[in-house]
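Coordinate-derived values only; no laboratory data. As the structure is a prediction and not an experimental result, all values here were calculated from the model. Every residue, glycine among them, receives a Cβ derived from its backbone with ideal geometry; neighbour counts consider all protein chains shown.
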């Protein structure tokens, strides 16, 4: 086995072990919120792990119009979380995750501004073999190295718009030209993933601390 192949196998194995060893919190409990599921898609590049992001297409009825996200959507009746993530990924960007490696799930995220509970299923793929086909819901697709997501200089407080409102949130400035910052539920999932992979010796790294839920203070809005 080549060194690249060994690194590929070790990386996905490490992620699977960390996901299997995490402790589920109370956010895994069922409730009456709308259920949705997304796919965090990983690729082991020559020197770094990469994560796939999409930019949602502009649509006046979509509160996340134009935002950076993971492929995904609402669960259909009788559907399991990772089934929904696979189906939505196939519909939105044409990638069949059943041909990849299922790595596990993060803890669910509860929406701060909408009554939604989002599950995140992780998959490892070989991006060289992926042939994305974007549907009308997706404007763009791109990969970001893990090192860029961990870079403290890319972490900031940013003024963002959501559902015709503006407020300040923690965010990540991505290394891709002409893209909005990464924030909200997708940001919180990324931060949870970064925390999961951190060694105990690096647990104090500020860029890898899971942020508190960000709520809009109506009195602070312009």
Pseudo-spin-label distance residue 153 to residue 77, built 7 Å along Cα→Cβ, given in nm, is 5.4 nm
Would you mind ranking 144, 128 so that the residue whose beta carbon has the fewest other beta carbons within 10 Å leads the list? 128, 144
Tell me, in nm to one decimal, what length is gained between residue 135 and residue 46 on full extension, where the rule is 0.36 nm per residue of separation less the Cα-Cα distance? 29.1 nm
May I ask you to derive the FRET efficiency for residue 18 and residue 176 from their Cβ-Cβ distance with R0 = 35 Å, giving the value to the nearest 0.05? 0.85
Going by average Cβ neighbours within 10 Å, how do the peptides 87-94, 43-50, 134-141 rank, with the highest at the top? 87-94, 43-50, 134-141
So how do 191, 40 line up by other beta-carbon neighbours within 10 Å, fewest first? 191, 40
Taking neighbour Cβ counts within 10 Å as the exposure measure, how do 173, 131, 105 sort from fewest upward? 131, 173, 105
